[in-house]
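One structure below.
The values are calculated or read from the model by the stated rules, or taken from the named source; none is laboratory data. From a predicted model like this one, the values you see are computed outputs, not experimental measurements. Counting neighbours? That spans all protein chains shown, and the Cβs are built from the backbone with ideal geometry, glycine included. Keep in mind that these areas ignore ligands, DNA and RNA; they rest on the heavy atoms of the full protein, side chains included. Shrake-Rupley method; radii C 1.70, N 1.55, O 1.52, S 1.80 Å.
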Amino acid sequence: MIFLDAAATTPVRREVIEAMFPFLTNQFGNPSSHHELGEQAANALEAAREQCASMLGCHAEELTFTSGGTEADNLALKGIALARRAEDPCRNRVVISAIEHPAVVESADYLRRVHGFIIDVVPVDSDALVAPGEFERVLARPAESAADAGAHLGGAAGSDVAVASIMYANNEVGTIQDIPVLAAVAANYGVPLHSDAVQAAGWLDLAVVGLGVAALSMSGHKLGAPKGVGLLYVRGDVPLEPLIHGGGQESGNRSGTENVAFAVALATALRLTEAGQVAAVEHATALREGFIDRVLASVPAARLTGHRSKRLPSVASFCFPGTSGESVLLELERKSIICSSGSACAAGSDEPSAVLSAMGIERGVAQTALRFSFGAQTTASDLDTAADELVRAVGRVLALGR
């Protein structure tokens, strides 16, 4: 099998299994317990938090372990929006980009439906890039229902925005946003910027001070940790309303007995990934460029989606007009080549990708999309085979008219 769906998930690394194993067996204590087993667990949990903080360049107390990227996105968007509106009721607007992960989109919609927030969407261009000028235009636009927009917090335009969210790297087409520039725009309006960095982790710089973000989400299973663990950074001066209430664990941000083993797993995976990141990026970029060039040269009418160079090293995504993406996917799977027709988080949907639609790609063309995403074990030989089989698969689908 040639696995080219690493953006969906990755196998758990052996080193990660070994690091987490003691906390699933003999060191099974509850971190809140005041005895030796509990203290062992508490020490391991805080060591994992410190390790993650070191790699993100933040304070350990600014990190909350979650069950994954989806929960981290939910906690960031809902938690910051609700907390900041509680401080100032005029902060009644949430701004997101047109290509966010469903975890952000649905969180924003929840805030609209249940709490009455106004949701504004920043458009993207045909490469899935957010223009800083467009972002500023949306931030500066007063909310239609605001009774006195600008009459609070010194009257700065855009100060009716509780939180903004723009993903670091897109999960479908791989386009990378200029987060430091966008964060600076948000800061000019006093708006905290959250960024979903689930796909960026392992490939891009995650130093939060340099990025300028107020909040950042990650997921462990994209890095070689198990499914079921994630991480949320929230800058110390940004208020956060918890979504889960109870015993006050995770500094009150997420109640419930902590999953020590998985926290250790995430910290270990992040450390291993960071140690090999430079070499991995160089390797994946070379593979990606060769694969893209070959597909565009060999497959009639193949159309690259996402920015040509401002994209994740590990993602090559295309549309193949005249085909069905699902049919090509199945043809490739028959040859033991595993890729994706879009985001795994939207599996089972017959609707065209919201990301591709936001980029201006027509509905029929959007339904021909395929995404190839590489992992650490992907080789040039794998991609040569995949490219050959892709040419044949597209040819077969076109010949059958499906």
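Consider all pairwise Cα distances in the chain and report the whole-number % of them above 33 Å. Value for the chain: 35 percent of Cα pairs lie more than 33 Å apart. Here the contact order of the stretch 32-121, divided by its residue count and restricted to Cα pairs under 8 Å and six or more residues apart, works out to 21 percent. Cross-link partners for K78 among the lysines, with Cα-Cα distance under 23 Å and sequence neighbours closer than 8 places in the same chain left out: K227. For I166, neighbours were defined as the other residues whose beta-carbon sits under 9 Å from its Cβ, and their charges (Lys and Arg +1, Asp and Glu -1) total -2.
If one computes the Cα centroid of the stretch 273-323 and of the stretch 90-131, what distance in Å separates the two points? Distance between centres, Cα-based: 28 Å. Only alpha carbons enter this Debye calculation for the stretch 185-329, each as an equal point scatterer, and the log10 of I(q)/I(0) it gives at q = 0.19, 0.21 Å⁻¹ is -1.19, -1.29. Here the chain has 53 percent of its accessible surface on carbon and sulfur atoms, given a 1.4 Å probe and all protein chains in place. Taken as entire DSSP H runs, the helices of the chain that both span 20 Å or more between Cα atoms along their own long axis and average 0.5 or more on the Kyte-Doolittle scale are 260-275, 380-400. For R288, neighbours were defined as the other residues whose beta-carbon sits under 14 Å from its Cβ, and their charges (Lys and Arg +1, Asp and Glu -1) total 0. Excluding same-chain neighbours fewer than eight residues apart, the aspartates and glutamates reachable from K310 by a Cα-Cα span under 15 Å are D125, D127, E172, D178, D205, E282, E289. Over the stretch 185-261, the pair-distance histogram of Cα-Cα distances with 10 Å bins from zero comes to 16, 41, 35, 7, 0 percent, rounded to whole numbers. Take the stretch 1-130, drop everything but the C-alpha atoms, weight them equally and run the Debye formula without solvent; then report log10 I(q)/I(0) at 0.12 Å⁻¹ to two decimals. Log10 of I(q)/I(0), two decimals: -0.75. Averaged over its residues, the chain has an accessible area of 41 Å² per residue, based on protein heavy atoms and a 1.4 Å probe.
Summing +1 for each Lys or Arg and -1 for each Asp or Glu among the other residues whose beta-carbon sits under 13 angstrom from that of A131 gives -3.
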